[in-house]
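This report concerns only the one structure given below.
The values are calculated or read from the model by the stated rules, or taken from the named source; none is laboratory data. Note that this is a predicted model, so its numbers are computed, not measured. Heads up, the Cβs are rebuilt from the backbone with ideal geometry, glycines too, and the neighbour counts pull from every protein chain shown. Side chains are part of the model used for accessible areas, which takes the heavy atoms of the whole protein and leaves out ligands, DNA and RNA. Shrake-Rupley method; radii C 1.70, N 1.55, O 1.52, S 1.80 Å.
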Amino acid sequence: MTVVIGLTGSIGMGKTLVTAQFAALGAKTCNADDIVHGLLAQGGAAVAEVGAQFPGVVKDGAVDRQALGKIVFADGEKRKLLEGIIHPKVIAAEEAFVARAKAEGVKFVVLDIPLLFETGGDKRFDKTVVVSAPHFIQRKRVLRREGMTEEKFARILASQMPDKEKRQRADFVVQTGFGRGYSLWQVRRIVGLVCHPERM
Ligand SMILES: Nc1ncnc2c1ncn2[C@@H]1O[C@H](COP(=O)(O)OP(=O)(O)OP(=O)(O)O)[C@@H](O)[C@H]1O
Ligand SMILES: [Mg+2]
């Protein structure tokens, strides 16, 4: 049996790093942001539809994500329109990924999905993992990124479910504020619990 784990957490909490730690312990992993990038890249399955709804954003066969971002950022209705195009395709890609892993007999898979709870996607998973860190650490990590400002950070946070609520909904929480070794230790424990419950 393949255990299907949905992993989430707010911006900069350590989703990418913790997903890689699961991969190091044998998980097959996939990332919702990468799926979206693929859908909008040259030859991607959403390029034609997005181009039809948002004239001018397709350049050289790919969606100019910055141009698209500017449009949807300024207009909630347009954002909904875009989500309506993208969301079902992301889910289909995730389901195909899980089906492939099951066919291959992989023991456990981890899908890194930034808006897992916001989009109600948690019901699709056997277990959910939330990565978390104290707010001051999250803030320090995110503000280090190029192009990030206090205002942008505040806006992103306001668009996401609060960390506390995510933690309350999760089956497991991985703390990333105390170094990589400690988060790896927690990931090992989760893998043990979901893959070998009889040993616990
Ligand atoms: N367990 C950890 N110990 C120490 N540093 C960590 C840990 N987890 C993440 N970090 C650091 O925090 C930063 C953000 O991590 P990461 O990119 O994994 O977050 P993310 O949740 O994937 O962010 P995003 O929301 O942008 O996708 C990185 O610089 C990473 O090195
Ligand atoms: Mg990430």
Exercise. Ratio of Rg to Rh for the range 1-41, alpha carbon only, Kirkwood?
Worked result: 1.00
Exercise. Which FRET efficiency value, to the nearest 0.05, do you get for residue 146 and residue 103 by plugging their Cβ-Cβ distance into 1/(1 + (r/R0)^6) with R0 = 35 Å?
Worked result: 0.30
Problem set entry | Per residue value of the accessible surface for the chain (all protein chains in place, 1.4 Å probe), Å² | 55
Seminar exercise, completed: Taking a ≥ b ≥ c as the square roots of the eigenvalues of the Cα gyration tensor, with a/c under 1.5 meaning rounded and otherwise prolate when a/b exceeds b/c and oblate if not, the range 34-106 is prolate
Problem set entry | With every protein chain in place, the range 34-106: carbon and sulfur % of accessible area (1.4 Å) | 55
Seminar exercise, completed: From most to least accessible, 1.4 Å probe, no ligand or DNA/RNA atoms counted, 137, 190 line up as 137, 190
For this session: Quick one: check the C-alpha center-to-center distance for the range 48-79 versus the range 12-42, whole angstrom.
Result: 24
For this session: Using only the Cα atoms of the range 48-200, build the gyration tensor, take square roots of its eigenvalues as a ≥ b ≥ c, and label the shape rounded, prolate or oblate: rounded if a/c is under 1.5, else prolate if a/b is larger than b/c, else oblate.
Result: oblate
Exercise. So which chymotrypsin sites (Phe, Trp or Tyr not before Pro) in the range 102-200 pass both tests, a DSSP loop state and at most 15 other Cβ atoms within 10 Å of the Cβ?
Worked result: 178
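Counting Lys and Arg as +1 and Asp and Glu as -1, each charge on the Cβ, what is the dipole of the chain about the Cα centre in debye, to the nearest 20?
Using Cβ point charges on Lys, Arg, Asp and Glu, the chain gives about 660 debye.
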Problem set entry | Gaussian network model of the chain, Cα within-10 Å springs - most flexible of 169, 65, 144 | 144
Exercise. Reachable lysines from residue 166, Cα under 19 Å, same-chain residues fewer than 8 places away excluded?
Worked result: 15, 123, 127
Exercise. Among the helices of the chain (complete DSSP H runs), which have Cα atoms covering no less than 27 Å along the helix axis and a Kyte-Doolittle mean of at least -0.5?
Worked result: 76-104
For this session: Please figure out what share of the DSSP beta bridges in the chain is antiparallel and state it in percent, rounded to the nearest 5.
Result: 10
